[in-house]
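The values are calculated or read from the model by the stated rules, or taken from the named source; none is laboratory data. The structure displayed is predicted, hence computed values, not measured ones. Methodologically, a virtual Cβ is constructed for each residue, glycine included, from the backbone with ideal geometry; neighbour enumeration extends over all protein chains shown. Ligands, DNA and RNA are stripped out before the accessible areas are found, and what is left, the full protein with its side chains, is counted by its heavy atoms. Shrake-Rupley method; radii C 1.70, N 1.55, O 1.52, S 1.80 Å.
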Amino acid sequence: MSLLRELSVLVGDAFSEVGAERRLGEVSVSQRPDLAQFQCNGAMAAAKTLGRPPRDIASDVARIVSTDARMVGVEVAGPGFLNLHVTDEVLAQWMTKTAADDLLGLHRAQPPRSIIVDYGGPNVAKDLHVGHLRPHVIGESIKRMHLVVGHDARGDVHLGDFGLPMGQLLAILEDADPDLPYFDEAFAGPYPEVSPVTVEDLQRLYPLASARSKTEPSFQAKAQQATVELQAGRPGYVALWEHFRAVTIESLKVIYQRLGVHFELWLGEASTGERLAPLVELLLDRGVAVQSDGAIVIHVTTDEDKKELPPLMLRNSRGGSTYATTDLATIQERVDVFEAEDIIYVVDLRQSLHFQQLFRAARLGGIAGDNVTLTHAGNGTVNGPDGKPFKTRDGDLPRLSELLDVTVDLARSRLDENQLALELGASEREDVVRMVGMAALKYGELSNHRTTNYSFDIERFTQLQGKTGPYLQYVAVRAQSIIDKAATKDIVAGDFLAPSDAKERALVLEIAAWPEIVDRAIETLSPNVIAEYSYELANAFNHFYDSCHIMRENDPARQQSWLALVRLTRAVLVQALDLLTIEVPERM
Ligand code: ARG
């Protein structure tokens with residue numbers, strides 16, 4: 001149980017003693033650290049039910065709570081706020097407990113849930129661009145925060161490998177090279193093992209094919225036909241399409257390696273192939289899906305909707321399945337095969353309507369029961385430093401791989417400017433450069449709430465001072481170097497003593513707040529809560545270090561206690577940064 005939970009029990013008991021609801025005793029970290037360490041605002045709500053002035057209730061609660069040996073000061077302020085302070089001994093015990101815990105005090109998931117996080121959503125034949133940074137990094141972070149507290153969380157890349165774009169690629173290739181065996185219906189196989197196209201070919205061809213579809217009706221018809229035949233399993237098409245997937249996945253893995261993004265599941269839209277027809281049958285049987293102008297749809301609007309939602313298209317008039325059909329079948333698979341209890345989609349907010357329709361259809365169709373939660377944790381867009389949509393000079397979206405290159409180069413110059421990591425060997429240094437570059441990018445990303453649009457300002461993100469990823473890495477490295485330096489003087493971490501200095505106390509309180517920070521980040525699927533906390537923790541650490549001179553301290557017990565606090569701070573900071581997918585170098 002975290003310190004905040006312990007205090008909430010204490011204050012909750014007191015509320016119940018005065019006849020109010022126990023839950024009103026919830027204690028949080030004080031908004032005004034100059035006035036109190038912790039606070040509880042429950043008296044205001046209790047006043048309504050008890051019909052007594054909130055200050056009176058707060059005073060009664062304060063009288064009860066102050067008899068507890070853990071408390072040093074319990075005051076009533078303003079209309080009935082409770083300001084709470086614990087003894088320094090409690091803080092010291094708390095640090096001891098936190099340092100001994102392999103989760104550093106985080107609340108274990110009770111019970112652990114089976115969770116699938118759907119993020120990234122890259123598409124076959126399309127290169128990743130700057131916009132893809134968001135769902136990848138946010139999704140990875142959300143997955144990690146569930147994993148760390150013990151949930152069974154898995155990331156699924158949900159590859160866009162289905163639908164008309166695939167038919168368009170088949171059509172343009174057939175046009176260019178009709179003699180390939182994939183297009184010969186009489187060919188009995190086996191098909192060549194080596195792909196006739198590279199991922200670069202696909203990335204070049206896809207925009208051409210998509211443009212031709214718009215202007216050439218005959219090409220469009222051909223692409224549509226190829227799509228239907230691919231979905232029906234025409235062997236040559238399937239074999240060629242498998243190459244499309246394979247070369248795309250290979251190139252994705254290179255960039256994911258750089259980004260530190262990892263997927264447990266490499267499924268995609270097309271993985272649901274076998275499920276599609278039976279699913280449509282099932283939904284027709286259940287009367288949830290209906291025929292409509294040669295198509296099959298699910299009506300998802302309810303009487304409560306002010307504006308009608310368009311029906312979800314399960315099968316278009318050409319007999320083709322859609323993005324919605326594969327997503328619905330994917331929910332079915334996740335529930336039936338992976339026994340998912342929570343499915344979280346980290347996908348652009350511009351797809352909100354799609355997910356609204358999808359979730360309703362899944363409920364109506366009995367695909368996801370009440371025991372399954374479906375959540376669209378939508379993300380906003382990335383703007384350029386000028387606040388306008390981020391485009392290259394040609395009007396394209398910047399490619400993600402190029403963005404990573406630029407960031408890493410800038411990280412290298414920053415380290416040079418600051419004369420950091422100079423004594424490292426070339427390969428270790430390059431590794432540090434990469435970590436710093438990625439930290440710049442990721443912290444720039446995750447320090448914004450996922451729904452806000454933010455400006456991609458790589459100059460600022462790569463700074464070593466201020467609210468940036470590299471700064472946080474630097475603080476963690478500095479903490480390590482203090483530990484290393486102490487070791488050379490035979491100073492080791494010892495028992496935690498009661499804090500003796502205001503800056504030390506403030507740091508301890510910051511660490512005590514960590515479990516609730518992670519709870520809140522999980523509850524709201526908001527990595528920025530952790531990003532904000534990391535920065536505050538780093539600052540609290542710097543203040544502590546400025547005011548408590550470890551190496552010069554004469555009392556060995558105090559010195560060892562401070563060193564223990566340095567170690568604990570570093571551990572929490574590293575854990576927090578890991579949840580933000582940021583690595584911390586050993587040295588820099
Ligand atoms: N590939 C899709 C796109 O580029 C995103 C997929 C998101 N995930 C999902 N289950 N729909 O728009």
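A compact table of results
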read-out	value
Matching residues, segment 124-147, being over 22 Å from T451 (Cα atoms) and surrounded by fewer than 24 Cβ atoms within 10 Å (Cβ to Cβ)	K126, D127, L147
Neighbours by Cβ (under 8 Å, 6+ apart or cross-chain): first from segment 314-329, open to solvent by less than 40 Å² (accessible area, probe 1.4 Å); second small (G, A, S) and away from the ligand (no atom under 14 Å from the Cβ)	L314/A289; L314/A295; N316/A295; L328/G365
In segment 103-128, the residues that are within 30 Å of W266 (Cβ to Cβ), assigned to a loop (DSSP other than H, G, I, E, B), in contact (Cβ under 8 Å) with a residue 60 or more places away in the chain and away from the ligand (no atom under 16 Å from the Cβ)	L106, R113
Some residue of segment 187-208 being at pLDDT below 95, small (G, A, S) and away from the ligand (no atom under 16 Å from the Cβ)	yes
Filter pass, Q224 being over 33 Å from the mean Cα position of the chain (by Cα), in contact (Cβ under 8 Å) with a residue 60 or more places away in the chain and surrounded by 14 or more Cβ atoms within 10 Å (Cβ to Cβ)	yes
Helices (runs of 4 or more DSSP H) within segment 398-484 that include 1 or more residues of a type in the set (V, I, T) and open to solvent by 10 Å² or more (accessible area, probe 1.4 Å)	400-417, 458-461
Residue that is farthest from D34 (Cα to Cα) [pool: residues in segment 75-105 that are crowded, with 16+ Cβ neighbours inside 10 Å and β-branched (V, I, T)]	T98
Single residue of segment 25-44 satisfying the filter (of a type outside the set (S, T, Y) and touching an Asp or Glu at 6+ places or on another chain (Cβ under 8 Å)) that is surrounded by the fewest Cβ atoms within 10 Å (Cβ to Cβ)	V29
Leading residue by the ranking (farthest from P111 (Cα to Cα)) among those in segment 306-345 that are small (G, A, S) and assigned to a loop (DSSP other than H, G, I, E, B)	S317
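For (1) buried (at least 20 other Cβ atoms within 10 Å of the Cβ); (2) more than 13 Å from the ligand (Cβ to nearest atom); (3) over 24 Å from the mean Cα position of the chain (by Cα), each residue gets a yes or a no:
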| site | (1), (2), (3) |
| --- | --- |
| I343 | yes, no, no |
| V346 | yes, no, no |
| Q356 | no, no, no |
| G366 | no, yes, yes |
| N371 | no, yes, no |
| H376 | yes, no, no |
| P389 | no, yes, no |
| R393 | no, yes, yes |
